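Colleague: Before anything else, here's the structure in question.
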Amino acid sequence: MSTLLSPPSTQQVAEYLAAFCTKHIHATSTLRDYYNVAKFIREHRHLGPLIPKLAYAVLIVECCVECSCATEGCRLRHMRMWSSNYDFLVAEGMLHLVTEFRVVMNNSCPKDLHLIRAMRHYKLHKTMLPTVESVTFLGDGLFAAGKAQATLQAAHEAKYTADDIIALCPNITSMYFYTSGGWGSSARLRLMPAAVGTMTCMHLFRQAICNMATSHALTPPPESPGLRFSEDLTSLTINTSLLSPSQMLPPTVVESLRRLKITHVCRAVDWGRLSGASNNLVLPQLERLEIEFVDPGTGWLVVPVRYNTSVEFPRLQSLEVAGAKHADRSIYTYFTKYTIPLLILSADPRDFKDIDLRLLQCANGLQVKYCDSREHPNTIYSVKDMEVLYRFRTGLRMASLSGIDYPLPEVLLWENLCWLYLTASIADVESITRLLMQLKGLETLAIRCLSMYPNDLLSDSSAAHFADQAGRFESIFKTAKPYLDAPIHNMLQRLDIYVRQKFDLIGVACLLRRLPALKYLGVNPEVATSVAQFLVPQTATSSVLVGEFSTNELPEYTSTLQTSPNL
């Protein structure tokens, strides 16, 4: 008897269309991606009411150059060829849904830019899109254009191009560019070639600065004394290396600021740049603060800091610190009155002995992003580098440790943890048992590892980060005694183990018998079925559901704090 499949519901179709559009229309998508969406819309007119607004949210003007060589006799085309989805949006009657104007130039070409010609070819100079909030430039081509162009000519073209963009999008509140170096703020424009592309961005920024609410701020600030940031500014980036010691930012209304990023900081943040004449700075809406410290010995200008400025962050949700070993040891004092939901540390394992770890006492959750900054590949880390961090007693409730295959901590003095995610070289049952015996309140443990067998330690180059880890396993085995039947943990409800090489079926079966509260075991998707078939008869219980490893690096309530560059 054949089974008739019921057609998908309207909600299911809508969810599929949303996922389809999200796949093809994202922060760095081009016309090639967009044409998949346009083709789908044309071929499925009956689904029109279910097409999400995202399908019409981006107006793209894209340049393609077949060849940019200077070789005589080359038969390839060297002229700029522009294309756009403007005609499609007009034909669909959806221009009113456009929220982003995107210029894509992935091909580097030294010829003059002539973006204004492309815009006028598509009659954009006769159009106004008041709904557009963001202007984005993708690709290195913008900054490679016009290398042979005279400075005066480039300046004129840049001004007229910026004028046309402002006329098209009079209400822009953010501007970004994306090159091979990643997402850039307007601060990086100072580092770009002084050609027509850079000049266009500078003109555009100066004309739009008063409206910019969600953009990185230009540093150094424009020289025009009358300019000031928008009263609705929500996102601000300050590159302190581009500021002179006495230089202040344009007048900044901080009441609406939600995200603040300060880079190239020497020792301490000079909050006086934001507070002006006041000695008390309050950031009432700030949710995300990022600080990047640099080594004063690398040549960055050491700016005198006004330590008499107090600062308050009553709604801070996320604090991210990079280069913390170069920070003044008093940095934690700014946060002692708060319990920050998420503290993010980006550091090399060797740095922790020089970091003021009292900062951990101000946080409820911790994410450590290990950065391998060894200058020579033969440099080997020591297990002791990490023990400084793990032996510092804190009240953390959540921790995520990823980036380097470190052995599982032998001692972890974070007794209040209820959620833990980490990457490891070897996650043998003995080490897991010892870890659980120390964290009695843990409810979720997620591990990504190379193998569950110590003999595989040196079978993969990524497991050789720590040369002295091999001798740890024998002492751990004697302490943990994993093959006894007595319960070792009464709180753990979820255990996820993702193994790149060998999964220890027998060891995990023994471990499960000692975890009476366990409800879910997550493993590699490709072995989930076989693990379930083996473990159920071994554990003599059906209360543990075996499924796929699905725990994220951060629990759901903190993952929303990790925003895209456009936020």
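Taken together, the values in this text are just the output of simple stated rules run on the coordinates, not laboratory data. Note that the structure is a prediction, hence the values are computed from the model and not measured. Cβ atoms come from the backbone with ideal geometry, glycine included; neighbour counts cover every protein chain shown.
Colleague: By per-residue mean of other Cβ atoms within 10 Å, what is the highest-first order of 14-22, 264-272?
Modeller: Most protected by this proxy first, the peptides run 264-272, 14-22.
Colleague: How do the peptides 142-154, 104-116 rank, highest first, by the average count of neighbouring beta carbon atoms within 10 Å per residue?
Modeller: 104-116, 142-154
Colleague: Right, next: If you take every residue apart from Ile51 with its C-beta less than 14 Å away from the C-beta of Ile51, what net charge results, scoring Lys and Arg +1 and Asp and Glu -1? Intermediate results must be reported in sequence, preceding the final value.
Modeller: Details: positive: Lys39, Arg42, Arg45, Lys53; negative: Glu15, Glu43, Glu92.
Combined, the nearby Lys, Arg, Asp and Glu give +1.
Colleague: Right, another one. Amide H neighbours of Val104 under 5 Å, at least 5 residues apart or on other chains, H built in the peptide plane: list them.
Modeller: Val61, Glu62, Cys63, Leu138
Colleague: Hey, which of these cross-link pairs are over 26 Å Cα-Cα: Lys261/Lys440; Lys23/Lys159; Lys53/Lys123; Lys126/Lys159?
Modeller: On the way: Lys261/Lys440 37 Å; Lys23/Lys159 35 Å; Lys53/Lys123 24 Å; Lys126/Lys159 18 Å.
With Cα atoms farther than 26 Å apart: Lys261/Lys440; Lys23/Lys159.
Colleague: I want the local charge near His26. Using Cβ-Cβ distances under 12 Å, sum +1 for each Lys or Arg and -1 for each Asp or Glu among the other residues. Let's see the in-between values first.
Modeller: On the way: positive: Lys23, Arg102; negative: Asp33, Glu100.
That works out to 0.
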